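Accompanying notes for the structure given below.
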Ligand code: 4NP
């Protein structure tokens, strides 16, 4: 079993979107029994909240249902338990390293490492912007998800 955790700030926009997109891809490839997928935020603002309505709507238009997901905060234990702890941006990355138990730093990475052809290395925070920001986030997440699955396949 390979375990993947997507991490952003609030766990209501980017990381639940990544969780939903990656779950769908993994299910389509018939690998759901081999890959565990979850998401979390580095902050506590949105614990227990469903994904932002704009994130849900943008994902729904691409056939991804985020409605059952609920926000939670990332923990030290998550970094021990998950094999891939994937930060959406450098702020999330630094926040994760702040709580990372010694010896587990190699698990914390930027998600966009898996989309080497994409010009940006950070998935931008869409929370304070318009609907177009959520579509761009989805484009980036779809590309990085495909690269991540190829990386995981080497370990299965
Ligand atoms: P996320 O977006 O990190 O992609 O879930 C945000 C959600 C909420 C806030 C910031 C970013 N906030 O400041 O409440």
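Going by what's in this entry, would residue 6 be described as more than 12 Å from the ligand (Cβ to nearest atom) and either touching a helix residue (DSSP H, G or I) at 6+ places or on another chain (Cβ under 7 Å) or over 24 Å from residue 151 (Cβ atoms) (or both)? Before the answer, list the steps.
Numbers: more than 12 Å from the ligand (Cβ to nearest atom): no; either touching a helix residue (DSSP H, G or I) at 6+ places or on another chain (Cβ under 7 Å) or over 24 Å from residue 151 (Cβ atoms) (or both): yes.
No; evaluated as a whole, the condition is false for this residue.
Those residues that are surrounded by fewer than 18 Cβ atoms within 10 Å (Cβ to Cβ), under 18 Å from residue 59 (Cα atoms) and out of contact with any helix residue (DSSP H, G or I) (no Cβ under 6 Å at 6 or more places or on another chain), I need them from the range 134-156; list them, please.
Within the range 134-156, 136, 139, 143, 146 qualify.
No value in this document is a laboratory result; all are computed from the given coordinates. In this text, all values refer to a predicted model and were calculated from it rather than measured experimentally. Heads up, the Cβs are rebuilt from the backbone with ideal geometry, glycines too, and the neighbour counts pull from every protein chain shown.
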